[in-house]
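The values are calculated or read from the model by the stated rules, or taken from the named source; none is laboratory data. Everything quoted here is computed from the prediction, not taken from an experiment. FYI the Cβ positions are ideal-geometry reconstructions off the backbone, even for glycines, and counts take in every protein chain you see. Accessible surface areas use protein heavy atoms only, side chains included; no ligands, DNA or RNA. Shrake-Rupley method; radii C 1.70, N 1.55, O 1.52, S 1.80 Å.
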Amino acid sequence: MTLERLKHLSVELSAQETVLSGRILPAAHIFQREDVTAFEAVVYNPVICLILQGRKEMTVGDQFVSLAEGDALLVSHDLPVTSRITDASAEAPYRALIFSLDVSILRSLYEQVGEAVTEAHDATSLAASAADPAWTEPMVRYLELMDAPLDAQVLGPMILKEIHYRLLLSPIGGMLRKLLSVDSHASRIAKSIQRIRASFREPLAVGDLAQAAGMSQSSFHEHFKSVTGTTPLQYQKDLRMIEARTLLERGIPSVSVAGFEVGYESPTHFSRDYSRKFGCSPKHHLARAS
């Protein structure tokens, strides 16, 4: 029942002006497409994504996830994701409800629930499951605030905290539970990810990242891969490729310039990595912009 209510509310929310809905309900967003897509590479920030209509596939590292109507995906860290929409049409668009997650809200719950939660040893930063009324019901209440700005201002933050709490205790909340402590491995890797994102164009000094995280290089590699599904170097490369594709599709002057902009010194090296990532040369995406 809550899923049907969310479908109805999502239509209302998507019909509103983006700037208006964003101001009243800052954590909620409706993503909609009327056609299937090829694989696209993007960076996901921490979110919970609930598929309301259509289907989607995605990969992170060596992990593959297929999502259909009523399925949800929880992403706990910033992750380079390759995804495609596999079921969408003008009559039945792909539609997903996306809630941004705030790690500071999760950590604010630590004193109340920190000792009560159980740690999931096999937790991943990309976790999928069927929608659970425990957290979809407060999502309904949050979206119902869209036409009541004062209620949204006063009650919205409390409902958002409840959503975080419900997700934290849910079966897909294992990695969120690891993030509760600021000194956990998951939290240290999250800080390392922020450092890589801030300087992904620069040469990557893995030893410096490991030292800042308080780990040996071997331990850092192990924990980084357990969280992200990939190595630090591959993570940086994925960020570079995603940015390069954006530059090319915006019509940057040349492939060489795009490579230099994202940190490559060799155009040949850049073109080879790009082709491996996207299955076509950077010239192909540059041509699409002209």
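Tabulated data
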read-out	value
Hey, Leu101 closer than 18 Å to His164 by Cα and in contact with a Pro (Cβ under 7 Å, 6 or more places away or on another chain) or not	yes
Criterion (over 16 Å from Ser184 (Cβ atoms) and open to solvent by 40 Å² or more (accessible area, probe 1.4 Å)) met by exactly one of Glu111, Glu91, Glu119	Glu91
Residues located in segment 210-226, provided they are assigned to a helix (DSSP H, G or I) and open to solvent by 10 Å² or more (accessible area, probe 1.4 Å)	Gln211, Ala212, Gln217, Ser218, Ser219, His221, Glu222, His223, Lys225, Ser226
Count - residues of segment 45-65 that are at pLDDT below 95, surrounded by fewer than 20 Cβ atoms within 10 Å (Cβ to Cβ) and not in a loop (DSSP other than H, G, I, E, B)	4
